[in-house]
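Asks: Can you read through this structure? Questions will come right after.
Each value in this text was obtained by applying a stated rule to the coordinates, not by laboratory testing. Note that the coordinates shown come from a computational prediction; the quantities given were computed from them, not determined experimentally. Glycine also receives a Cβ, built like all others from the backbone with ideal geometry; neighbour counts cover every protein chain displayed.
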Amino acid sequence: MSSVWKIWNPRAIKIILLVVLLVGLPILGVALAGKPVAQYLEFPPLTRYVEHAPFSWGVFALLGFGLGVILAPALFALLGADKPQHVYVLQPKVFPWWGWLGLGVTGVAWTLAWTRFSWFSLFQLYTFTPLWLGYIVTVNAWTFQRTGHCLMRDRPGYFLGLFPLSALFWWFFEYLNRFVQNWYYLGGADITAQEYVLHATHSFSTVLPAVLSTIQWLESFPDVDRAFRDWKSINLPTELWPGWLVLALAGGGLMGIGVWPDYLFPLLWVSPLLIITGLQVVFGEDTIFSSLRNGDWRPVWLSALAGLICGFFWEMWNSRSLAHWEYAVPYVHGYQIFEMPFLGYAGYVPFGLECVVVARLLSGRIASDSTSR
């Protein structure tokens, strides 16, 4: 019996429920609405069947104002952080040799991604993964140079475990995108389904290591850490009913993304975070927001900032690559930075938090797993 319980423990049950909700609710929604389910399960996903609303100044202004309200407090906190009475002096180390290797890999992969050498044509589709492996190694090296610690060296087993978890994690978002079709891929139409799975999976595997490594790099800056360590406390409820309420609202929204994709497309990024948080509350666990009771906003804001930083590099390196993605975002598809509409970057804010809560599945810790040693 004890061995069975080790398998069916609350964490395993929570993961199973999460998978069932994320996979089942969108399909259930379109089925109940009488839409053809088969088109949402097409693989590889080539057909575009969602017609998006045109650009709207009113919606753009409203969402832009909302984004500013959300991000402005973090900016003010960074700019207005009190200086300590005693200056904390880092003892920097020599930039490690493997950091130079990471920089070299990034530089070579970047050059090959943005050029079209005939001798490299067979490998032109496969520059994304080495770009991000170079980024991950380089960010870890910068963190190690600043603090003497980094995720890659201090927790190698956990670090390596992030790669397969990351691939599964992003495949969920690819699945959810079938219901709103906010992005689509170009430049790889001639590859088979098996090649698509292989190519996409090793590319997706770099997402979590990149974000978690970037969080630890941000934590190495005393001003950033201090700005959010003791900020504003929030009296979050401790009862279970808020968890059930969040689950119901987020689940209902996820059911609706395929039915009303122009109105509910932001929930592709928000609902998974809310569903995970709701499940954690129902199971009596801490969430990424629990530290707000003590005024510690680091798990929230550093995760969001890391998501935005990685988002910038994802979009920049994507913009001139042969195999790349483009966007079709209703109402706000304008003022692009690379291929991404300006307001589309807002999705990287909750996405950064989702990266942390999913990475927690490997460690069982809610604080930044990048620094937990």
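Asks: The chain: longest stretch without exposed GluC sites (Glu not before Pro) (DSSP loop, at most 14 other Cβ within 10 Å), sites themselves excluded?
Replies: The longest such stretch corresponds to 52-238.
Asks: Running a GNM on the chain with Cα contacts under 10 Å, which residue among N182, N235, N140 ends up with the highest mean-square fluctuation?
Replies: Comparing N182, N235, N140 in a Gaussian network model of the chain, the most mobile one is N235.
Asks: To continue, here is another question. Would you be so kind as to identify all helices of the chain, as entire DSSP H runs, whose Cα atoms reach 30 Å or more along the helix's own axis and whose mean Kyte-Doolittle hydropathy is at least 1.0?
Replies: 10-32, 57-79
Asks: Quick check: from the Cα gyration tensor, does the range 44-202 come out rounded (a/c under 1.5), prolate or oblate?
Replies: oblate
Asks: Continuing with the same structure: Beyond 14 Å, what share of the Cα-Cα pairs of the range 147-216 is found? Please give it as a whole percent.
Replies: So the pairs more than 14 Å apart make up 67 percent of the total in the range 147-216.
Asks: Quick one: among L292, L22, L362, which has the greatest mean-square fluctuation in a GNM of the chain with alpha-carbon springs under 10 angstrom?
Replies: L362
Asks: For the chain, with only Lys/Arg (+1) and Asp/Glu (-1) charged at the beta-carbon, what is the dipole magnitude about the Cα centre, in debye rounded to 20?
Replies: Charge dipole, the chain, about its Cα centre: 720 debye, nearest 20.
Asks: For the range 285-336, state which chymotrypsin sites (Phe, Trp or Tyr not before Pro) are in a DSSP loop and have at most 16 other beta carbons lying within 10 Å of their beta carbon.
Replies: Filter output for the range 285-336: Y335.
Asks: Would you look at the GNM of the chain, springs on alpha carbons closer than 10 Å, and say which of S291, S303, S363 moves the most?
Replies: Looking only at S291, S303, S363, the largest GNM fluctuation is found for S363.
Asks: Over the range 183-281, what portion of Cα pair distances is larger than 20 Å, expressed as a whole percent?
Replies: 67
Asks: What shape does the range 238-293 have by the C-alpha gyration tensor, where a ≥ b ≥ c are the square roots of the eigenvalues, rounded means a/c under 1.5, and otherwise prolate means a/b greater than b/c and oblate the rest?
Replies: In terms of gyration-tensor shape, prolate.
Asks: Then there is this: Mind running the shape call on the chain? Use the C-alpha gyration tensor, a ≥ b ≥ c as the square roots of the eigenvalues: rounded below 1.5 for a/c, prolate if a/b tops b/c, oblate otherwise.
Replies: rounded
Asks: Need the full-extension length gain, A72 to F313, defined as separation in residues times 0.36 nm minus the C-alpha distance. One decimal, nm.
Replies: Between A72 and F313, full extension yields 84.5 nm more.
Asks: Taking 30 Å as R0, compute the FRET efficiency from the Cβ-Cβ separation of L32 and A328 and round it to 0.05.
Replies: Efficiency, rounded to the nearest 0.05: 0.75.
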